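As structure tokens, the structure follows; a few thoughts come after it.
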Amino acid sequence: MYRVWNFVTNYSLLLIIGALIALVWANINPDGYHHFVEFELIHDFIIGHAHYNEAGQVEYRSLTLHYLVNDVLMAFFFAIAAKEVWEAIILENGSLRGKKAATPLVATAGGMFGPIAVYLGLAMFLGSDTYDAVARGWAIPTATDIAFSYLVGRLVFGAGHPAVRFLLLLAIADDAAGLIILAIFYPSGELAPEWLMLSVGAAVAVYFLANWLPRRLDRGKQARPNSTWARNTLSFWPYLIAGALSWYGFQEAGIHPALGLLPIVPTIPHADRAFGIFSEAEQYLSDLLNHIEHILKHPVEVVLFFFGLLNAGVEFSSIGSPTWLVLAGLLVGKPFGVLLFGWIAAKPLGLGLPKGMRIIDLFVIGCVAAIGFTVSLFIASVAFTGDAMLGDIPVKDAAKMGALFSFAAAIIAIVAGKVTGVVKQEN
């Protein structure tokens, strides 16, 4: 297994720092914090085509700091995640190809259905008022934070244990499913699917003009002059322009625009083989897709700091039923879902486990994967409106607190590893 690059560590640290500052700030000076989050960068302008209210007047909106980070800049984070998923699926030695990925993928399904069942089941048990208030957040506990899970997984199993690779596969597949859930179940506005044709058209056009056509013209030419010219002269600019058009298409289609770069990722020239998810070895590759990822690495780390800062600021007085439902979904549903579905894949279905892994390791992996944080926070921020209340508790803030408390899964995972006799493998 190739070593995972330090982007994961830096991303984790900056995200935590941003989240801790937000928590302290929101509880010491909540008015000041929320004023900062909703700070207007541009006042009264139109994003996209004009929208009209019932009186026939044009509705204006403000470009806030929160919108800039969550809807615009987070698109680059999701693009990096999509790049890793894309390579894992299509490239030679891709982690999500063939039988070796079968058991982790089945376990991933368990790690999503389990939390949903626990979250909605407990919500129904608490009564119809609670269920009606929180049902829209069913996807919040399905997420697994890739970076934090990887770091805790290394702590529990050791860097060389096959369970760490299994965990990475599960986490990246989980986030891929999370992107699909966001796109389908959490539209950002009134759906206008015809605008997706702009995204599709931008992706097709940039692939044809900047990728396929130069390679076609280079057939039989060992020096590859056209492809070389496109790489050196045009570089990433055609894909950036196409990405902007695709983002606009998602925005106008009513799908969360943070996913707007996803159709462009597969169009970018890529390496011919995969080295593993977030592999450090990829820094030595010269293909344009990895080059773009390296350019984005440090800016995305800064974006994630601001994401934590602008989304994790929740007052402790907001703790309520949604908090415990999200936490139960993650801490109970995730481990038992991964264990059950992983066992079904490994034993009854005969797909097996990686050499050196035990069935009980699946439970420990599920405990590690219960750290939802980044994507859970993101889903919580789009699942509920700011005025959704359960009694006198804001549902969105309470659900976010559950995502933040999921860090408790790290302690549970360490204890579970000790109790189940996990033997750390460092090499």
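Points worth noting:
- Cα centroid separation - region 81-135 against region 316-353, whole Å: 9
- Where labels lie 7 Å past Cα in the beta-carbon direction, separation of M124 and V419 in nm: 2.8
- Of K221, K396, K83, the one that fluctuates the most in a GNM where the chain has Cα springs shorter than 10 Å: K221
- Reciprocal mean inverse distance between Cα atoms of the chain - Kirkwood radius, Å: 22.5
- Kyte-Doolittle mean at least -0.5, axial Cα span of 27 Å or more - DSSP H helices of the chain: 7-28, 102-125, 162-185, 288-311
- Sequence-distant lysines (8 or more away, or on other chains) whose Cα lies within less than 27 Å of K297: K83, K400
- Under the convention that each Lys and Arg Cβ holds +1 and each Asp and Glu Cβ holds -1, the size of the dipole of region 279-379 around its Cα centre is about 520 debye.
- Charge dipole (region 187-255, unit charges on Cβ, about Cα centre) - positive-most of G189, S246, L213: L213
- Peptides 319-331, 377-389 ordered by packing proxy, namely the average of other Cβ atoms within 10 Å per residue, highest first: 319-331, 377-389.
- Comparing Cα centroids, region 394-427 and region 178-245 end up 39 angstrom apart.
- With both residues required to sit in the chain, DSSP beta bridges show an antiparallel share near 90%.
- Put a plus charge on the Cβ of each Lys and Arg, a minus charge on the Cβ of each Asp and Glu, and nothing anywhere else: the dipole of the chain about its Cα centre is then about 2180 debye.
- GNM flexibility winner over the chain from N70, N311, N211 (Cα, springs under 10 Å): N211
- Taking 0.36 nm per residue of sequence separation and removing the Cα-Cα distance, the I295/I42 pair yields an extension gain of 88.3 nm.
- Inter-label distance, F208 to T233: 2.1 nm, where each label sits 7 Å from its Cα along the C-beta direction.
- Using only side-chain charges placed at the Cβ, +1 for Lys and Arg and -1 for Asp and Glu, the dipole size of region 187-255 relative to its Cα centre rounds to 700 debye.
- Comparing mean-square fluctuations of L289, L353, L126 from a GNM of the chain with C-alpha springs under 10 Å, the top value falls on L126.
- Projecting the Cα atoms of V204, L126, L404 onto the charge dipole of the chain (Cβ charges, centred on the Cα centre) puts V204 farthest toward the positive pole.
- Highest-first arrangement of 179-191, 17-29, 258-270, where packing means the average Cβ count within 10 Å: 258-270, 17-29, 179-191
- Label-to-label distance, nm, for residues given as T385 and S317 (7 Å Cα→Cβ offset): 2.3
- Order of Y131, Y207 under a 10 Å beta carbon neighbour criterion, fewest first: Y131, Y207
- Principal axis dimensions, region 187-255 - Cα atoms, whole angstrom, descending: 51, 18, 11
- Ordered by the number of other Cβ atoms lying within 10 Å of each residue's own Cβ, fewest first, K347, K334, K355 fall into the sequence K355, K347, K334.
Each value in this text was obtained by applying a stated rule to the coordinates, not by laboratory testing. Values in this document were obtained by computation on a predicted structure and should not be read as measured data. When we count neighbours, we look across all protein chains shown, and the Cβ atoms used for this are built from the backbone with ideal geometry, even at glycine.
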